[in-house]
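Worksheet for the structure shown next.
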Amino acid sequence: MKYTITADSTCDLPQGYVPEDELPIIPLSYTLDGKTYSGRDGDSLPPEEFYAKMRAGAMPQTALVNVAEAEHFFDGVVSSGSDVLHLCFSSALSGTFNSTRVAAQAINEKYGRTCVTVVDTLCASLGDGLLIHYAFEQKRAGKSLEETRDWLEQNKLHLCHNFTVSDLFHLHRGGRVSMTAAIVGTMLGIKPVLHVDNEGRLIPIGKVRGRPQSLTALVDNMERQVVNFDNKVVFISHGDCLADAEYVAKLVQERFSPVEIIMNFIGPVIGTHSGPDTVALFFMGETR
């Protein structure tokens, strides 16, 4: 049976990395300065403007995909004659997974068979994007929906997320660090290094003093994690700090010589919670 891989907009893949007709995207919306943006093409701020507003003190808010939106999205793909393999943003970070799961059940009942399968990626940003990359590798190798789903389930906990932030206050807003830690850490120039754990949550794994050291720590951790994995493709996302992302890419290239390094902005939905100047590194490793 023909199947289509779908995802939500938090995967942060560069525009055109996968053609839109091959990877339909369900957008997550956000509100900034009293205006709600749907996240659809043409209805989102340019990332530079979004992060400039955050640096000036704006506090955006995000909304999950609701069941009705997800059901309409899936029905549009299934009614065109294709089953759906949907890769969803981590269930530990958003209720979107639950909405898509309920919507998939409704569509499967409507058509009387399993035509929509939802995978909880336990990933975020280009971590989700990198898992999508591997899903397409499986599909293009002739793997069925079930075979691709099984590969994803077996390998998603090998997809490592290492990231660092510049401003601890955005992590405090999301409940990741205390206000005291945010204030003291900012005063002392402390930069946390975090990852996404096996439950799909954002977890601090270390802290260093100074921005250059925190960027280097991302790659140091990668060196410990990759073990037997040969990363031909590495993804890096950033919160409007291209020079820092390029510095990390340089270190990765020097140590691991990947065939390709893909970089892109962290989109507004993830960026709302991570803040400007976040740098994140994604690759396959032995353990998260």
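Quick notes on this structure:
- Mean projected area in nm² (Cα convex hull; one quarter of hull surface) for the stretch 180-288: 7.0
- 0 to 90° range, to nearest 10: angle between helix 211-225 axis and the chain longest Cα axis: 50
- Three-way shape label, the stretch 3-70, alpha-carbon gyration tensor, a/c 1.5: oblate
- Checking (1) 22.7; (2) 23.2; (3) 19.3 against Kirkwood radius over Cα pairs in Å calculated from these atoms, the matching label is (3).
- Annotation: amide H-H contacts under 5 Å for SER166 (H modelled 1.01 Å from N, sequence separation of 5 or more, or interchain): THR278.
- Beta bridges per DSSP with both ends in the chain, % antiparallel, nearest 5: 60
- Couplings for the stretch 128-142, taken from phi via the Karplus curve 6.51 cos²θ - 1.76 cosθ + 1.60 with θ = phi - 60°, read 4, x, 5, 5, 4, 3, 6, 4, 5, 4, 5, 4, 6, 7, x Hz in order; Gly and Pro are left as x.
- Between the helical axis of 242-256 and the longest alpha-carbon principal axis of the chain there is an angle of about 80 degrees.
- Long-range Cα-Cα pairs in the stretch 81-123 (distance over 16 Å), rounded percent: 34
- Whichever lysines have a C-alpha closer than 28 Å to that of LYS110, once near sequence neighbours (fewer than 8 apart) are set aside: LYS2, LYS139, LYS143
- Reachable lysines, given that their alpha-carbon falls under 24 Å from the alpha-carbon of LYS53 and they are not under 8 places away in the same chain: LYS35, LYS191
- Model label points for LEU242 and GLU20, set 7 angstrom from Cα along the Cα-to-Cβ axis, are 2.3 nm apart.
Values quoted throughout were computed directly from the atomic coordinates according to the rules given, and no laboratory measurement underlies them. Remember, it's a predicted structure, so these values are computed and weren't measured experimentally. Because the Cβ atoms are built from the backbone with ideal geometry, glycine has one as well, and the counts that use them run over all protein chains shown.
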